[in-house]
Amino acid sequence: SIMNPSVFLNVIDSAKHVLGESDYKKIYSKVKSEVGNEENSSIDIYNKSRLFVCERGVDNGYGIISVEKLKDVILYILQINGEVFCTKMNKLLFYIDFLSYRQTGMSLTGLSYRALPYGPVPERWDRIYSFFDEIVMEPRTIGTREGMVIMHVKNIDNTCLSDDQKGIISSVCERFNN
């Protein structure tokens, strides 16, 4: 999306031949100074601190800390499964990260997990699922049990995911599709 600063800068780069050298430099430097380095912008740092407990390392399977990739993973799971209860989403994310670690040497989401009685849970899971505008949670009752269902409400754009990463997600979702 053009709203992503790096995509916008790439568009400006692509139009360099149309703009002319002096206009290109002026526009590029102005945009670059406004958006800054998206990886280190104060908004990005704040968002990462709200969602991720630790920096890249052993506690998160050496996964790259990326808000966009985390969103794309969750949305891709929802694209495959439709609605998903929070408990199942927690487990799917866990198995996706561990299969990714097994195959590539690093987790896919960069999340760290806690062991709870009903299975692994990403730390700050409640913030994660309520953080993104594309994801909504609704209460559901099945029999005498009540839980929260996660679903997507906007079109899905999985530009942060490679085909191999999509394959990992698909295989875990297929394995636990019940």
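The values are calculated or read from the model by the stated rules, or taken from the named source; none is laboratory data. Bear in mind the structure is a predicted one, so any value in this text is a computation, not a measurement. Ligands, DNA and RNA are stripped out before the accessible areas are found, and what is left, the full protein with its side chains, is counted by its heavy atoms. Shrake-Rupley method; radii C 1.70, N 1.55, O 1.52, S 1.80 Å.
Any idea what % of Cα-Cα pairs in the chain are farther than 23 Å?
Cα-Cα pairs of the chain separated by over 23 Å account for 47 percent.
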Per 0.36 nm of contour for each residue apart, how much would the distance between ASP163 and CYS86 grow if the chain were fully extended, relative to their Cα-Cα spacing?
25.2 nm
I'd like to check one number: the per residue accessible area of the chain, probe 1.4 Å, reported in Å² as a whole number.
61 Å²
Tally up the carbon and sulfur contribution to the accessible surface of the chain as a whole percent, 1.4 Å probe, everything protein left in place.
52 percent
Give the accessible area for HIS17 in Å² (nearest 10); use a 1.4 Å probe, count only protein heavy atoms, and leave out ligands, DNA and RNA.
150 Å²
How are the Cα pair distances of the range 50-102 distributed, in percent, across 5 Å bins from 0?
4, 17, 26, 30, 16, 6, 1
